[in-house]
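Have a look at the structure below before the remarks.
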Amino acid sequence: MTTTHRMVGDSTAMAALRARLIRYGASTAPVLVQGETGAGKELAARGLHAASGRRGAFVAVNCGAIPRELVEAELFGSVPGAFTGARRRLGHVAQADGGTLFLDEVGELPPPAQVVLLRVLETGHVCPVGADRGQAVDFRLISATHRRLLRLVEAGRFRADLFHRIAGLTVEVPPLRDRVDDLPALAAALVGEGARRLRPDVFERLARHPWPGNVRELRNVLLRGLADADGVVTAAHLRFDDTTATPVPHDWDGLPLRVHLAQHVRAVFRRHNHNVRATARALEVSHTTVYRYLATDEP
């Protein structure tokens, strides 16, 4: 088994991804990492940083987790008096000087922050909120999103000029359902010695699951199975929750996989009285993932 910064698996999809990370790591161009929630976008970003040889820190920021009114101060820093309650803050951009700045869910950045980020990328200088002058910064930008940014550009929710700036190189992290050959290696990495207790029929069953939550969901399923079994774990011990127990059908009726997944999410959504939060908890995915599948066109 080979890894690139803990990226596990030797499937064809993972071998291609690993080769691309090593090749792109040597570049200084910004990289846009795309993939579903839980697929391992941050691990891919860390792999790029490791391959780059940059000596500075790897600074990871979830853009969707920062309150909108604090985004600019968090990213670019602030000085006392810049706004009510402002204090001297070293922003994430400055923290990444000499290293890599990873902006996860970059599509969630509000428009004002998009403008400032574009200016930082174009000038190589960052000016804290409320400051009179900025400082030079040297960082490699890696952005990630589970959305298709071009659709946000078309909808007027993401700047086209910023998109072209951050998407110099693109990387697609494959979903777990496209790399089921990696299930044994992933199990060993996720649960360690517990993987020795898994019978072969476990992996046969796991390979038929659609994995809307990807590797995060796999970890939870394996931990439940190990907790429920006294000794060896068989397929009968696997619990996907009552809402995720339906395996991938063998007859796809010619429909794309995204349609089958969307139908499954809608069914769970109905069982939870059209409650997005409850649906997300049941599927062990983010709220944005639920919204994305609910918005998928019906066949």
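The values are calculated or read from the model by the stated rules, or taken from the named source; none is laboratory data. As the structure is a computational prediction, the values presented were derived from the model and not from experiment. Cβ placement follows ideal geometry from the backbone for every residue including glycine, while neighbour counts extend to all protein chains displayed. These area figures cover heavy atoms from the full protein model, side chains too; ligands, DNA and RNA do not enter into them. Shrake-Rupley method; radii C 1.70, N 1.55, O 1.52, S 1.80 Å.
For residues in the range 1-22 being open to solvent by 50 Å² or more (accessible area, probe 1.4 Å) and under 21 Å from Gly56 (Cβ atoms), which is modelled with the lowest pLDDT?
Only one residue tops the list, namely His5.
Report whether or not Val115 is touching a strand residue (DSSP E or B) at 6+ places or on another chain (Cβ under 7 Å) and of a type in the set (Val, Ile, Thr). Write out each step before concluding.
On the way: touching a strand residue (DSSP E or B) at 6+ places or on another chain (Cβ under 7 Å): no; of a type in the set (Val, Ile, Thr): yes.
Here the answer is no, as Val115 does not meet what is asked.
Quick check on the range 139-186: of everything there that is within 27 Å of Gly25 (Cβ to Cβ), of a type in the set (A, V, I, L, M) and not in a helix (DSSP H, G or I), which residue is most open to solvent (accessible area, probe 1.4 Å)?
Restricting to residues being within 27 Å of Gly25 (Cβ to Cβ), of a type in the set (A, V, I, L, M) and not in a helix (DSSP H, G or I), the top hit is Leu169.
If you check Arg224, Arg196, which single one turns out to be among the basic types (Lys, Arg) and more than 25 Å from Ala280 (Cα to Cα)? Write out each step before concluding.
Values: Arg224 fails: more than 25 Å from Ala280 (Cα to Cα).
On inspection, the qualifying residue turns out to be Arg196.
Out of the helices (runs of 4 or more DSSP H) lying entirely within the range 38-125, which hold 1 or more residues that are open to solvent by 10 Å² or more (accessible area, probe 1.4 Å), touching a Lys or Arg at 6+ places or on another chain (Cβ under 9 Å) and under 16 Å from Arg165 (Cα atoms)?
Details: elements: 41-52, 71-76, 92-95, 111-123.
It comes to 111-123.
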